1. Would you work out if segment 251-306 is rounded, prolate or oblate? Take a ≥ b ≥ c from the square roots of the eigenvalues of the alpha-carbon gyration tensor; rounded if a/c is under 1.5, else prolate when a/b is larger than b/c, oblate otherwise.
2. May I ask you to list the lysines whose Cα is less than 25 Å away from that of LYS333, ignoring any residue fewer than eight positions away on the same chain?
3. Would you list, by chain and number, the lysines whose Cα falls below 24 Å from the Cα of LYS48, excluding same-chain residues fewer than 8 positions away?
4. Near LYS172, which lysines are there with a Cα under 25 Å away, not counting those fewer than 8 places off in the same chain?
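Rule-based calculations on the coordinates, nothing more; no lab input. Quick caveat, the model's predicted, so the values are computed rather than measured.
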Amino acid sequence: MQVSIEPLSLLSTSILDNLASAVVVFNEDLRVSYLNQMAEMLLAISAKHVLGELPTSWMACHGEPLVDLIEAATIGAPITKRGVVLSTDRAEVTVDCTVTPVVDEDGKQMTIVELQQIDRHLRISREERLINQQALTRDVVRGLAHEIKNPLGGLRGAAQLLESELESEELKEYTHIIIQEADRLQELVNRMLGPNRRPSYAPVNVHNVLERVRSLVLAETGDRISIVRDYDPSIPELVGDSDQLIQAVLNIVRNATRVLDDDGTVTLRTRIQRQITIGSGRYRLGAQIDIVDDGPGIPPEIAETLFFPMVTSGTGGMGLGLSIAQSLINQHKGLIECTSRKGETTFTILLPIGEDIGTDRGKENAARD
């Protein structure tokens with residue numbers, strides 16, 4: 001049956017699309033007349049697929065049917081229900097749901113359903129903790145590096161002077177060891193500090209970054225593993241340093257390949273996100289890059305300290321790759337998160353799109369969410 005749906009005004013849709021809450025508007029027949037961008041993202045559905053539809057077929061929830069809540073509000077006052085669990089194609093999300101009946105300027109009955117994802121606030125808090133944790137770690141490492149470098153330089157210089165005074169080649173072997181170990185420690189400190197050059201920002205295609213990483217990893221591993229691509233072609237260019245983004249993704253993918261069996265798989269997946277929050281910053285558009293492997297998972301004892309320097313699962317390496325990757329992504333106002341269970345570990349990189357990341361322009365305060 002063809003259902004006539006009257007669109008909202010341009011001003012109304014512009015306002016609603018910039019809200020942090022998911023909003024669904026129903027007409028007097030309880031058919032969908034509008035979804036804002038946050039609702040599309042939260043419910044994992046396109047507005048054009050549900051316009052004119054009843055909520056029974058796609059707004060599934062546990063317990064009391066959501067349609068009953070909507071119908072109850074149309075004949076009375078606004079209703080709020082806490083902790084409603086909605087099922088989507090991607091996952092289950094927990095929301096606070098407010099249903100408000102209104103009458104438009106033409107006297108027609110409308111119903112506004114506002115969905116506030118409550119586990120989203122927990123995610124924001126976790127992201128802020130990760131960012132603060134990384135900043136604190138970086139400050140500690142810099143202070144430690146300063147305290148190590150000064151005596152290390154003096155130690156190396158003294159060994160060189162001593163070597164020049166020695167005539168015995170056997171004794172010079174000991175000074176060689178001192179100099180070599182001093183150089184090794186110096187290199188370790190430099191690696192802990194990460195890249196020492198400032199990012200050179202320019203338009204970057206994230207898929208070019210991923211393709212570069214894919215070619216490098218396949219050259220290193222040969223046929224031992226397979227890399228699956230699942231790209232969203234709608235992602236526009238973002239502003240970033242291509243070399244540093246390649247390094248960050250490469251560190252994560254290399255870590256994944258170390259724990260995979262010979263028939264292991266790494267999936268590179270991209271998706272565009274709208275009205276995305278990264279820590280305390282809110283952006284209109286963002287790129288989500290998922291790096292998924294089917295390995296044994298991350299040991300629970302290191303899950304909380306995964307991005308600290310020198311933290312490793314013992315599969316090789318020095319435990320610096322993830323710390324450096326997080327630092328590089330933080331410089332792009334982004335963040336790396338990780339979820340892991342046996343058979344599926346996902347590192348998610350979130351990056352803002354269309355922002356001047358060298359300044360705070362375009363960044364909104366997420367506190368108003």
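1. On the way: a/c = 3.62, a/b = 1.71, b/c = 2.12.
Oblate shape, in that a/c is at least 1.5 and b/c is the bigger or equal ratio.
2. Hits, sequence-local ones excluded: LYS363.
3. Candidates past the 8-residue exclusion: LYS108.
4. LYS149
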